[in-house]
Amino acid sequence: MYSLLFLAPAFPFAGFIWLATLGPRTARKAVAAVGVGTIAASTVVAGLLAIAFLVAPPAGGAYTQTLWTWIAAGALRIRIDFYLDALSLIMLLVVSFVSFVIHLYSAEFMQADDGYSRFFAYMNLFVASMLTLVLANNLLLLFLGWEGVGLCSYLLIGFWYRDPANGLAARKAFIVTRVGDTAFTLGLLLLFHSLGTLDLQPLMHLAAQRWLPGSALPVAAAALLLGGAVGKSAQLPLQTWLPDAMAGPTPTSALIHAATMVTAGVYLIARAHVLFALAPPVQLAVAVVGAATLLLAGCSALVQHDIKRVLAYSTISQIGYMFLALGVGAWSAAIFHLMIHAFFKALLFLVAGIVIQALHEEHDIRKMGGLRRDLPYAFWGFVIGGSALAGLPLITAGFYSKGLILWRAWSSPAGGVVLWLAGMLGVLLTSLYIYRLIFLVFYGERKTAPVHLPGWRIKLPVVTLSALAIAGGFVNIPRWLHGVPAFTGFLHSALPPAGLLHRPGMSEPLSELVAALLFAAGLFAAWRRFSGRRVPRPAAGLAGAIQRFWFADWGMDWLYDRLLVRPVAAFARLNRQDAIDSGYNAVARLHVWGWQALRRSENGRIRWYAAWITAGTMLFLALAVWR
């Protein structure tokens, strides 16, 4: 059964080849069948592998499939290896299944679009790249998948390329993530130069053997990998590309934000956990970056007017929770929240797409309202997804995953009170901004009547993800609720359990109670402020200035524009003639002058040719005699 592993990325890649070559000349039903069917086949393979892994685990808890040697150059030997352990199996299941329901949704949602086959070609390549990333057994193959999802994000964000704003958003995403990718590339070079291999398991083993904790090499390598993760997962200070990525179609937003691209950084850190454990300053930086990001993005989500941008900032904030967990050594808790986030965030984006399509492509939540009666399935899907995001106690999956992170932030040796408080404040912000969105979109007066009602291919994914947003948390019920933390226990074969440090004044049930109270406080504040019939007026004075500051992503784009964009543009204008090329142009002109001088000797006068030959011969003989 394990020999089927290569089929998981092979099916969507084959679908991409077919769609890219034959799709434009094929009927839309066939395009949908190939686009959705190949992802469904990959999901079936993932399910079969999961059953085999649970029934008859491979020796050592991991299985490696070698297909062929990719690069053989001196000491560098890179093979196309796929590695299946508990961590990559979870990622395989989440990526393939969530991608499948998004593709099924897309088959109807994108039906009227002119680029139907092109859209599915990009989406299939996206999934193939992400599956390659999570199954790769060496960092170079992982980097190939990493760059593949970066390319596909550019293609999908700018899918409607006739609008210049979409092209600008795509370029922004591509360039900003390249900053992180440059750091990642330098990290690969440093690791290979120091340890002589890029194979993940030998690499981690050699790092633990040869490097002392806190020494310069592991700190530098981990910092460079963190740079790559920060760019791909849209964490401070490289988070600015993600809200603008909403320019793409809604299924694209769901795919990028739920189970694929933005979670790649979380997976990278978890997969290289040995290296980060050897670099305590960098691991602390992971936690600090996550805590700061979840708060800043939560504040920005509070003041957005575009329904998809609210969800975009929500994604940045929730990835921040995962970084917080990774930073305190709660590796399994981060992956648990990654899985649950994939369910409820895909659900929220798909429902947002229903609302946008039903209201003449309207994105502004100030022009929405009263939709719970017209779109009841969308309303309940959004309430379930939003409640899971906010962590509705005991009922939704988000309560269990986020609660585990908060407790680890308090109880882990690398955690502390400050990180716990940041996570708790994030709970309040999350509850406030998501219920603000629910009240403004689905309550109050109806401002726009729906004109489009979806079919079963859109409704079925909503129902499926709604069920998972509730039941997904039950796979890891904490012991204080007399449950079994089966999910984190399963991951312990690939990721070490988080350490526990007794800090007085707090217990896990009490931490969950505080989170529940903050959830209720955010819900109550949102109800008081936004459940009325009129949209609240913008704040004035200092409060209004703060809201505008948050709305502009804390001025990050303004800062980058003045620190980076304008100086580069000014230098380009100053160097319009390209001073560097002037040296090469001088060499070229020197050759031209030499050619012009020599050309004069080619005058067609044979007597002069003979005279010069005779003179040269005599000069040569004279020099020979003189020597």
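Just so it is clear, none of the values below were taken in a lab; they were calculated from the coordinates. What you are looking at is a predicted structure, and each value in this text was computed from that prediction instead of being measured. Neighbour counts run over all protein chains shown; Cβ positions are idealised from the backbone, glycine included.
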Which of 129, 314 has the fewest Cβ neighbours within 10 Å, and the rest in rising order
129, 314
Mind giving me the nanometre distance, one decimal, between the label points for residue 360 and residue 558, set 7 Å out from Cα along Cα→Cβ?
3.4
What are the lysines whose alpha-carbon lies under 25 Å from the alpha-carbon of residue 308, with same-chain residues fewer than 8 places away excluded?
172, 232, 345, 367, 402, 447, 459
Classify region 383-529: rounded, prolate or oblate, from the alpha-carbon gyration tensor (a ≥ b ≥ c, eigenvalue square roots; a/c under 1.5 rounded; otherwise prolate if a/b is larger than b/c)?
oblate
Loop by DSSP (not H, G, I, E, B), at most 12 other beta-carbon atoms within 10 Å: where is the longest site-free stretch of the chain for GluC sites (Glu not before Pro)?
1-360
What is the extension gain from residue 306 to residue 598, computed as 0.36 nm multiplied by their sequence separation minus the C-alpha to C-alpha distance, in nm to one decimal?
98.1 nm
How would region 400-483 be classified by its alpha-carbon gyration tensor: rounded, prolate or oblate, with rounded meaning a/c under 1.5 and the a/b versus b/c comparison settling the rest?
oblate
For region 200-299, take the convex hull of the Cα atoms, compute a quarter of its surface area, and give me that in nm², please.
6.7
In nm, the gap between the two label points placed 7 Å beyond Cα toward Cβ at residue 394 and residue 22 is 5.6
Measuring from its Cα centre, the chain shows a charge dipole (+1 at each Lys and Arg Cβ, -1 at each Asp and Glu Cβ) which, in debye to the nearest 20, is 1220
Once you have all Cα-Cα distances for region 269-378, histogram them in 5 Å bins from zero and send the whole-percent values.
2, 12, 18, 18, 15, 11, 9, 7, 5, 3, 1, 0
Please list the three semi-axes, largest first and in whole Å, of the ellipsoid equivalent to region 374-413, using sqrt of 5 times the eigenvalues of its alpha carbon gyration tensor.
29, 7, 5
Quick one: pull the percentage of alpha-carbon pairs in region 491-627 with a separation above 19 Å.
83
20 °C / 1.002 mPa s Stokes-Einstein diffusion coefficient of the chain, Kirkwood radius on C-alpha pairs, µm²/s
81
Suppose a student asked you for the relative contact order of the chain, using Cα pairs under 8 Å spaced at least 6 residues apart; what percent would you report?
12
May I ask you to list the trypsin sites (Lys or Arg not before Pro) in region 486-565 that are in a DSSP loop and have at most 15 other Cβ atoms within 10 Å of their Cβ?
533, 534
Sorted peptide list for 244-256, 343-355, criterion being average Cβ within 10 angstrom, highest first:
343-355, 244-256
What is the Cα convex hull volume of region 579-626 when expressed per residue in Å³?
78
Multiplying the sequence separation of residue 51 and residue 617 by 0.36 nm and subtracting their Cα-Cα distance, what value in nm do you get?
194.8 nm
Taking only C-alpha positions in region 1-75, Rg and Dmax in angstrom work out to 16.5, 50
For region 544-552, what does the Karplus curve 6.51 cos²θ - 1.76 cosθ + 1.60, with θ = phi - 60°, yield as ³J(HN,Hα) per residue in whole Hz, taken in order and with x for Gly and Pro?
x, 5, 5, 4, 5, 5, 5, 4, 8
Obtain the nm distance between the two label points defined at residue 625 and residue 531 by a simple spin-label model: each point lies 7 Å from its Cα along the Cα-to-C-beta direction.
11.7
Tell me, how many Å apart are the Cα centres for region 544-570 and for region 216-292?
22
Low-density loop cleavage sites - trypsin sites (Lys or Arg not before Pro) in region 145-246, where at most 13 other Cβ are within 10 Å (DSSP):
162
